[in-house]
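Asker: Handing you a structure now.
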Amino acid sequence: MNTETLARLQFALTVSFHYLFPPLSIGLGITLVIMEAIWLKTKDQDYKNMARFWVRIFSLIFGLGVATGIVMEFEFGTNWAAYSRYVGDIFGSALAAEGVFAFFLESGFLALLVFGWDRISPKLHFFSTCMVALGSTFSAVWIVVANSWMQTPAGYQIVQTPMGPRAHITDFWQMVFNPSSVDRLLHVVDSAYITAAFLVTSVSAYYLLKGRHIKVAQMSMKIGLGLAMIATLLQFVTGDQSVRYVAKYQPAKMAAMEGHFHSSRPLGLTLFGWVDPANQTVHGLTVPRVGSYLLTWNPTNPVEGLNSIPKNDQPMIQPVFQLYHLMVLCGIALFAVAFWGGFLWIRGALFQSKWFLKVLIYSVALPQIATQAGWFTAELGRQPWIVYGMMRTSAALSKAVKAGEILSSLILFTVIYLLLGALFFYLLNKRIQTGPEDVSNDSDLATTFNPTQVSA
């Protein structure tokens, strides 16, 4: 493999592993705010125990997120030096803003959140929780702004310097509010809420099936499921807006996402299939003209296809198509699980449905699959551009780094991340097995909730 392929693989590895953690920390941040607010209002000690338990989970996730995120910033200097020189003023400003407005806020209050339960007043602790949640969200804001600028650059000009042309900011807020940033941010943050909500419901379902920490598990289940229903419903809205920006500003990506080749034809909506580039068609189940209706409100409007885009400007069609549809499929499945849970909740059968509790345990993987597939769709669909329409990926590479050096570091990173992943799941499982602290006697509750008596 050549230098470009290896550099992209290495960055894909580090980003994919890192991205397991930020959605959880962002979503758990708002979940902790909800839990602690209920505790302050009700003075119910079980809500405090529940919040303390999830704070321990949050701190583990936050630590791994920070450790794995630092690596990517070094890669910009080692593997992508030409990119860093060309757009460093713009990209670096967003990363600096994340450090100032997000990381310091989040980490500054984290110690109070973790260790301040019995050392500061409940209201001050709640304020610390809010600041950590706000810092987590701010982190998403600036990272999404930086990445969205790469998708739809704005607020810049190219100037000549002694070291060659560079992109300089002409309007900071135009750079921040570039055409895709707001829509993508809403979509990313909402997906983070879904990811955390299903982690909470998964762990709660596990406790209910095991007959442990019943009251806390029931309370956590209601909070997680309520958040899941709201967030999965909003995901259709934010997803629709994101697709509209793609169709307007990145037609090649949109065409690849749906396997659409003919610019003279309306866009269909493919439910599943396999792209056949040789015959410029998709073998699968496609509903004609629905895509054009969703994008333009007119089913007869044509949508730009791949045949009007030069071959060297087209992304890899098959991976983009399949990953996009995988993301949509996971989103629909999550929506169905969340609202079926809501139906059982209304019927009063949520905590007694053994099969549904098992579904909730395993559904924790679906948001992670969806977020990874969505991120890969966005990044692969932008290719061959590292900054869309402005700088090609092949031109962004470092000249001094060789393929063999990248390969050796890629192997090293893979081994380290496998060890880190194993350590994370070991510690996470250990904390889940330990469970929340109990002030009430769970044995009394267990007599009224016997997991062997739940309905099939």
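Asker: I'd like to know if segment 215-223 contains one or more residues that are closer than 17 Å to Pro23 by Cα and either touching a residue at least 24 places away in the same chain (Cβ under 8 Å) or not in a loop (DSSP other than H, G, I, E, B) (or both).
Answerer: No, there is no match, as no residue in segment 215-223 is closer than 17 Å to Pro23 by Cα and either touching a residue at least 24 places away in the same chain (Cβ under 8 Å) or not in a loop (DSSP other than H, G, I, E, B) (or both).
Asker: Looking only at residues in segment 105-118 that are of a type in the set (A, V, I, L, M, F, W, C) and touching a residue at least 12 places away in the same chain (Cβ under 8 Å), which one is farthest from Arg56 (Cα to Cα)? Give the steps one after another, and end with the answer.
Answerer: Within segment 105-118, the subset of a type in the set (A, V, I, L, M, F, W, C) is 105, 109-115, 117.
Those still in the list that are touching a residue at least 12 places away in the same chain (Cβ under 8 Å) too: 105, 109-110, 112-114, 117.
Details: Leu105: 19, Phe109: 14, Leu110: 11, Leu112: 13, Leu113: 10, Val114: 7, Trp117: 12 Å.
By that ranking, first place goes to Leu105.
Asker: Run down Val145, Val114 and say which single residue is under 26 Å from Val15 (Cα atoms), in contact with a helix residue (DSSP H, G or I) (Cβ under 6 Å, 6 or more places away or on another chain) and not hydroxyl-bearing (Ser, Thr, Tyr). I'd like the intermediate steps shown before the answer.
Answerer: Numbers: Val114 fails: under 26 Å from Val15 (Cα atoms).
Answer to the selection: Val145.
Asker: So which residues in segment 376-402 are part of a helix (DSSP H, G or I) and either buried (at least 19 other Cβ atoms within 10 Å of the Cβ) or modelled with pLDDT of 90 or more (or both), if there are any at all?
Answerer: Of everything in segment 376-402, those that are part of a helix (DSSP H, G or I) and either buried (at least 19 other Cβ atoms within 10 Å of the Cβ) or modelled with pLDDT of 90 or more (or both) turn out to be Phe376, Thr377, Ala378, Glu379, Leu380, Gly381, Arg382.
Asker: Name the residues in segment 67-96 that are under 20 Å from the mean Cα position of the chain (by Cα) and of a type in the set (A, V, I, L, M), would you?
Answerer: Ala67, Ile70, Val71, Met72, Ala94, Leu95
Asker: Output the qualifying pairs, or none if there are none: Cβ atoms under 8 angstrom, residues six or more apart or on different chains, first residue in segment 396-410 and closer than 18 Å to Ser84 by Cα, second residue acidic (Asp, Glu).
Answerer: Between residues of segment 396-410 that are closer than 18 Å to Ser84 by Cα and residues that are acidic (Asp, Glu), the close pairs are Leu397/Glu4.
Asker: Still on this model: Given (1) part of a helix (DSSP H, G or I); (2) surrounded by fewer than 21 Cβ atoms within 10 Å (Cβ to Cβ), where does Glu106 come up short, assuming only one miss?
Answerer: (2)
Asker: Against the condition aliphatic (A, V, I, L, M), surrounded by 16 or more Cβ atoms within 10 Å (Cβ to Cβ) and either free of Cβ contacts under 8 Å to residues at least 40 places away in the same chain or closer than 30 Å to Leu208 by Cα (or both), how does Ile361 come out, does it pass? Show your work before the answer.
Answerer: Details: aliphatic (A, V, I, L, M): yes; surrounded by 16 or more Cβ atoms within 10 Å (Cβ to Cβ): yes; either free of Cβ contacts under 8 Å to residues at least 40 places away in the same chain or closer than 30 Å to Leu208 by Cα (or both): yes.
In short, yes.
Asker: Could you count how many residues in segment 299-329 are buried (at least 16 other Cβ atoms within 10 Å of the Cβ), in a loop (DSSP other than H, G, I, E, B) and among the polar types (S, T, N, Q)?
Answerer: 1
Asker: Restricted to segment 330-375, and to residues that are part of a loop (DSSP other than H, G, I, E, B) and modelled with pLDDT of 90 or more, which residue is nearest to the chain's Cα centre (by Cα)? First the steps, then the outcome.
Answerer: Initially, segment 330-375 is screened for residues part of a loop (DSSP other than H, G, I, E, B), giving 348-349, 363-364.
Next, from what is left, pick out any that are modelled with pLDDT of 90 or more: 363-364.
Numbers: Ser363: 16, Val364: 13 Å.
Ranking the qualifying residues of segment 330-375, first place goes to Val364.
Asker: Looking at the structure I just gave you, is Pro277 at pLDDT below 90, exposed (fewer than 15 other Cβ atoms within 10 Å of the Cβ) and of a type outside the set (A, V, I, L, M)?
Answerer: Numbers: at pLDDT below 90: yes; exposed (fewer than 15 other Cβ atoms within 10 Å of the Cβ): yes; of a type outside the set (A, V, I, L, M): yes.
It is true that Pro277 is at pLDDT below 90, exposed (fewer than 15 other Cβ atoms within 10 Å of the Cβ) and of a type outside the set (A, V, I, L, M).
Asker: Identify all residues within segment 59-103 that are crowded, with 16+ Cβ neighbours inside 10 Å, farther than 28 Å from Ser128 by Cα and aromatic (Phe, Trp, Tyr); write none if there are none.
Answerer: Within segment 59-103, Phe76, Trp80, Tyr83, Tyr86, Phe91 meet the criteria.
Asker: Which members of segment 38-62 meet the condition of being polar (S, T, N, Q) and out of contact with any Asp or Glu (no Cβ under 7 Å at 6 or more places or on another chain)?
Answerer: Correct list: Thr42, Gln45, Ser59.
Asker: Is there a residue being surrounded by 18 or more Cβ atoms within 10 Å (Cβ to Cβ), part of a helix (DSSP H, G or I) and hydrophobic (A, V, I, L, M, F, W, C) anywhere in segment 155-171?
Answerer: The answer is no; no qualifying residue exists.
Asker: Hey, can you tell me all the residues within segment 363-390 that are more than 18 Å from Val15 (Cα to Cα), in contact with a Lys or Arg (Cβ under 7 Å, 6 or more places away or on another chain) and of a type outside the set (Phe, Trp, Tyr)?
Answerer: Pro384 - this is the single residue of segment 363-390 that is more than 18 Å from Val15 (Cα to Cα), in contact with a Lys or Arg (Cβ under 7 Å, 6 or more places away or on another chain) and of a type outside the set (Phe, Trp, Tyr).
Asker: A further question follows. Say whether the condition of being at pLDDT 85 or above, more than 30 Å from Phe177 (Cβ to Cβ) and more than 30 Å from the chain's Cα centre (by Cα) is met by at least one residue in segment 252-261. Give the derivation first.
Answerer: So the first thing to find is which residues in segment 252-261 are at pLDDT 85 or above, and the list is 252-261.
Add one more test, that the residue is more than 30 Å from Phe177 (Cβ to Cβ), and what stays is 259, 261.
Keeping just the survivors that are more than 30 Å from the chain's Cα centre (by Cα) gives none.
Scanning segment 252-261, I find no residue that is at pLDDT 85 or above, more than 30 Å from Phe177 (Cβ to Cβ) and more than 30 Å from the chain's Cα centre (by Cα), so the answer is no.
The values are calculated or read from the model by the stated rules, or taken from the named source; none is laboratory data. Model, not experiment: these values are computed from the prediction. As a convention, Cβ positions derive from the backbone with ideal geometry for all residues, glycine included, and neighbour counts pool all protein chains shown.
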